[in-house]
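J.: Just passing along the structure, written as structure tokens.
The values are calculated or read from the model by the stated rules, or taken from the named source; none is laboratory data. Predicted model, so just to flag it, every value in this text is computed and none were measured. So basically every Cβ, Gly included, is an ideal-geometry build from the backbone, and we count neighbours across all protein chains shown.
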Amino acid sequence: MSREGVKPSARSPEFKSYFEAIVRSSRGLHEAKERLGYVSPTTVLHHMKRFGIESPDGWRPSANSPEFKVYFEGVVNTSQSMTEAVERLGYTRPQSVRYNLKRFGIKIPDRWYSQRDLRRFAGDSGFREHFEAMVNSSANITDAMEKMGYTGPTSVWYHMKKLGIRTPDRWHGHPPATSHEFEAYFENVVKTSKTVGEAVQRLGYANPSVVRHHLKRLGLETPPQWGLKPGVSKQRRALVPEVIIETERERVQVATLHQGEGCL
């Protein structure tokens, strides 16, 4: 059932005239899709191509026609977001819009980047300026990740390293490494951390090599507790059973060996 009543089967002789009447009386591809009861506009385009029906005046021109570039640019300039442009152009995914933007050399409107349905790609013009502004205006790595639409902080670190963008000092929550206050702060964190991993986490660094670099630079010794490896010790203790000598007879034999100075 559709809004027009009973829809003939696509294989029946009556379908072509029914379909063409719906297409001619619709204001656009999406309206025709709704009236025909289809899930995707691709089905409408399929039947239009099968029956040799051209797009009515006012519909989106063919992507290969000379009028398409003007039509496409007009939709882009009057849409508030990528999602709106996708819907108005009758596409099913944003990649189709990106393809035509690149094909015609049209810049993505800046207002689109303020919407959650779009984030800048590394190849987009103005990516560095946008990325650096997001980093400098974020309170921490998680804040930057969420503002730029990434799923993990690794993507932010990757682009910061690739673009040579320095980590803001407020992200670490400690004084800058070049300041006079840093040495005392760093030494206190090192001495009160049980492991190098704990120090890395408290200092907000990406790996232990940064901690070791500052230890060498400031002439500080590595704390002895960092070499104890409590995790390895704990694993070894787990292999030792709670009851080592289970039977009474075995305990007597061990006691005899000890009193005999370890020999029979």
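J.: Can you find a residue in the range 51-67 that is modelled with pLDDT of 85 or more and over 33 Å from the mean Cα position of the chain (by Cα)?
T.: Among the residues of the range 51-67, at least one is modelled with pLDDT of 85 or more and over 33 Å from the mean Cα position of the chain (by Cα), which makes the answer yes.
J.: May I ask you to list the residues in the range 132-149 that are touching a helix residue (DSSP H, G or I) at 6+ places or on another chain (Cβ under 6 Å) and either of a type in the set (A, V, I, L, M) or more than 25 Å from TYR185 (Cβ to Cβ) (or both)?
T.: Within the range 132-149, MET134, VAL135, ILE141, ALA144, MET145, LYS147, MET148 meet the criteria.
J.: For the range 26-44, what are the residues that are of a type in the set (A, V, I, L, M) and in contact with a Gly (Cβ under 8 Å, 6 or more places away or on another chain)?
T.: The answer is LEU29, and nothing else.
J.: Being among the acidic types (Asp, Glu), closer than 20 Å to VAL86 by Cβ and in contact (Cβ under 8 Å) with a residue 24 or more places away in the chain is the filter here; which residues of the range 16-68 pass it?
T.: Of everything in the range 16-68, just one residue is among the acidic types (Asp, Glu), closer than 20 Å to VAL86 by Cβ and in contact (Cβ under 8 Å) with a residue 24 or more places away in the chain, namely GLU34.
J.: I need the helices (runs of 4 or more DSSP H) fully contained in the range 13-84, keeping only those with at least 2 residues that are on the phi < 0 side of the Ramachandran plot, surrounded by 13 or more Cβ atoms within 10 Å (Cβ to Cβ) and in contact with a Leu (Cβ under 9 Å, 6 or more places away or on another chain).
T.: By residue number, 15-24, 41-51, 68-78.
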